[in-house]
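The structure under discussion appears below in the form of structure tokens.
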Amino acid sequence: MKWSHYRFVSIWDLPGPPDAVYEILGRADDYPRWWPQVREVTSVDGTTGTTRIRSFLPYDLVMTVRERRRDPRARVLEATLSGDLDGWARWTVTAHGAGSRATYEQEVEVHRRLMRILAVPGRAVFRANHALMMRAGRRGLTARLEGV
């Protein structure tokens, strides 16, 4: 097992229609408005930006995010990540009951030095940190869809 390699899947059941969810998820510059752990998104051009995130643990992760796929018909958003994390991330939005299901998949290699040093003893903590971030993101997006 490569200890600095992570694969995550998060599933968010949301109250809004799939097209509305896809549209919000497609506007990465707005993430800091509804997702507390996404601290900053700086657009470089129409398909590339720099993102700074911080969850419960006291460190920031900074990465360049490059759009790899934007498919409104299939409601898929995919990006490559480089910097403190290298890899890819994908949102897939589908209809689910009266609302939507957003599936987030991410596969990354951690390059931040401290996280690599602590890869074995800290793995469970890093995974929990990610889970907390995703939970807060789902709550934030739900509130945005409900107009709260």
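With a 1.4 Å probe and every protein chain kept in, tell me what percent of the accessible surface of the chain is carbon plus sulfur. The partial results should precede the final answer.
On the way: 4250 of 8000 Å².
That share works out to 53 percent.
Could you state, as a whole-number percent, how many of the C-alpha pairs of segment 67-130 are farther apart than 13 Å? Show your work: numbers first, answer last.
Details: 1432 of 2016 pairs.
Here the tail beyond 13 Å accounts for 71 percent of pairs.
Separation of segment 46-80 from segment 105-123 is 18 Å, based on Cα centroids. Oblate is the label for segment 15-66. Its Cα gyration tensor axes, ordered a ≥ b ≥ c, give a/c of at least 1.5 and b/c at or above a/b.
Accessible surface calculations at 1.4 Å, restricted to protein heavy atoms, place segment 39-99 at 55 Å² per residue. Each 5 Å bin from zero up to the one holding the largest Cα-Cα distance in the chain carries the following percent of pairs: 2, 10, 18, 24, 21, 14, 8, 3, 1, 0. Here the extension length gained between V125 and V76 equals 14.7 nm, from 0.36 nm per residue of separation less the Cα-Cα distance.
How much FRET efficiency would the formula 1/(1 + (r/R0)^6) give for A143 and D45, where r is the Cβ-Cβ distance and R0 is 41 Å, rounded to 0.05? Efficiency, from the Cβ-Cβ distance: 0.85.
The values are calculated or read from the model by the stated rules, or taken from the named source; none is laboratory data. In this text, all values refer to a predicted model and were calculated from it rather than measured experimentally. Please note: Cβ atoms are built from the backbone with ideal geometry, for glycine as well, and neighbour counts cover all protein chains shown. Ligands, DNA and RNA are excluded from the accessible area calculation, which covers all protein heavy atoms including side chains. Shrake-Rupley method; radii C 1.70, N 1.55, O 1.52, S 1.80 Å.
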